[in-house]
Amino acid sequence: MPDDVVRFCFDVDGDDFSSAGAASVEVKKRLRQLGISPEVIRRVAIAMYEGEINMVIHADGGKALVEVTPDEVRMTLEDHGPGIADVELAMQEGYSTARENIRSLGFGAGMGLPNMKKYTDTMHIDTEVGRGTTVVMTVKI
Amino acid sequence: MTATVKLDEISRALGKEPLCGSLDKEVCGCYAGDLLSWVMSHASYGDVWITIMSNINVAAVASLTECACVIMAEGVEPDADTLKAAGEKDITLFSDQRSVYELCCLVGKVLCKNE
Ligand SMILES: Nc1ncnc2c1ncn2[C@@H]1O[C@H](COP(=O)(O)OP(=O)(O)O)[C@@H](O)[C@H]1O
Ligand SMILES: [Mg+2]
């Protein structure tokens, strides 16, 4: 394995709204230390935040892995939540299953998955109902 | 594009000190909104972010977007943990009675004056 890959791992807590976004804030800080350009950092931060929030509000938490190679930033978000029955539907802007208590916090606009796609170069969703969801996204450096 | 001004000019225009955070930051623009996904993807570095949201997730979004400050409008006040998180992240936070519209106008005036 080439050692020009930098890896960060994070546990994303499921029942803790107060720390939601903590992994994204940390990734942003680390990428800045690595000298990654502000535009790349901005795109990673948006995608990562949306993915992290989805794990918190829809999947009771999960794990985030961020790998930085000389060419790209790769984010892998893995959870063992309920899975997504219809990915095409979930990808539509405005579609959300978030409940009212979540919406009142400013989430559940149904913009998360569309934003993750929009701000990354590649995005792949691997999901199975009852088993969980893994989202892999890359942003070219 | 508007010219940048210092955050203390916003503080002076509001007629108040922030609840936490420093005033030694540059302001480049303004964004108003409450849906965090929208704010995440539309607010940018140096914006004054005007919102009626007060929960702790405001602190994470403010930090990620690197906005200059957050103004909680319409008399909304931050939750205790929001204030604590904002303090720890050096996020400058104001709370104000005025409406979102009135605050946008006020910030707009400060930015235009310096154009
Ligand atoms: N990690 C996940 N596990 C289970 N369901 C998910 C996950 N991420 C997204 N979803 C489903 O896809 C829908 C759309 O997601 P998104 O576009 O982020 O909007 P929102 O999070 O605002 O509901 C969610 O409402 C939810 O039903
Ligand atoms: Mg979402």
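The values are calculated or read from the model by the stated rules, or taken from the named source; none is laboratory data. Not measured: the values here are computed from a predicted model. Note that we place each Cβ from the backbone using ideal geometry, even for glycine, and neighbour counts take in every protein chain shown. Ligands, DNA and RNA are stripped out before the accessible areas are found, and what is left, the full protein with its side chains, is counted by its heavy atoms. Shrake-Rupley method; radii C 1.70, N 1.55, O 1.52, S 1.80 Å.
Summary of computed values
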quantity: Tally of residues being buried (at least 19 other Cβ atoms within 10 Å of the Cβ) and at the interface with chain A (Cβ under 8 Å from one of its Cβ atoms) across the range B:20-38; calculated: 2
quantity: Leading residue by the ranking (farthest from residue A:32 (Cα to Cα)) among those in the range B:42-60 that are more than 9 Å from every other protein chain (Cβ to nearest Cβ) and part of a loop (DSSP other than H, G, I, E, B); calculated: B:52
quantity: Qualifying residue in the range A:63-80 (condition: more than 14 Å from chain B (Cβ to nearest Cβ), near ligand 1 (Cβ under 7 Å from one of its atoms) and touching a Gly at 6+ places or on another chain (Cβ under 8 Å)); calculated: yes
quantity: Only listed residue being away from ligand 1 (no atom under 14 Å from the Cβ), without any contact (Cβ under 8 Å) to a residue 24 or more places away in the chain and either in contact with a Phe, Trp or Tyr (Cβ under 6 Å, 6 or more places away or on another chain) or on the phi < 0 side of the Ramachandran plot (or both), chosen from A:43, A:32; calculated: A:32
quantity: Residue A:81 vs. criteria within 14 Å of ligand 2 (Cβ to nearest atom) and farther than 23 Å from residue B:58 by Cβ; calculated: yes
quantity: Scope the range A:93-141; condition away from ligand 2 (no atom under 15 Å from the Cβ) and either touching a residue at least 60 places away in the same chain (Cβ under 8 Å) or in contact with a Lys or Arg (Cβ under 6 Å, 6 or more places away or on another chain) (or both); matching residues; calculated: A:121, A:132, A:136, A:138, A:139, A:140, A:141
quantity: Helices (runs of 4 or more DSSP H) contained entirely in the range A:35-141, each with at least 2 residues that are open to solvent by less than 40 Å² (accessible area, probe 1.4 Å); calculated: A:38-59, A:112-118
quantity: The range B:22-38, residues that are touching a strand residue (DSSP E or B) at 6+ places or on another chain (Cβ under 8 Å), in a loop (DSSP other than H, G, I, E, B) and more than 21 Å from residue A:94 (Cα to Cα); calculated: B:23, B:24, B:25, B:28
quantity: Of all residues making up the range A:47-62, the number that are within 12 Å of ligand 1 (Cβ to nearest atom) and either over 15 Å from residue A:110 (Cα atoms) or among the β-branched types (Val, Ile, Thr) (or both); calculated: 7
quantity: Total residues in the range B:1-51, condition in contact with a Lys or Arg (Cβ under 7 Å, 6 or more places away or on another chain) and without any contact (Cβ under 8 Å) to a residue 12 or more places away in the chain; calculated: 0
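Okay, residues lined up against (1) among the β-branched types (Val, Ile, Thr); (2) open to solvent by 40 Å² or more (accessible area, probe 1.4 Å); (3) part of a helix (DSSP H, G or I); (4) away from chain A (no Cβ under 14 Å):
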| position | (1), (2), (3), (4) |
| --- | --- |
| B:40 | no, no, yes, no |
| B:62 | no, no, yes, no |
| B:67 | no, no, no, no |
| B:74 | no, yes, no, yes |
| B:78 | no, no, no, no |
| B:82 | yes, no, yes, no |
| B:90 | no, yes, no, no |
| B:98 | no, yes, no, yes |
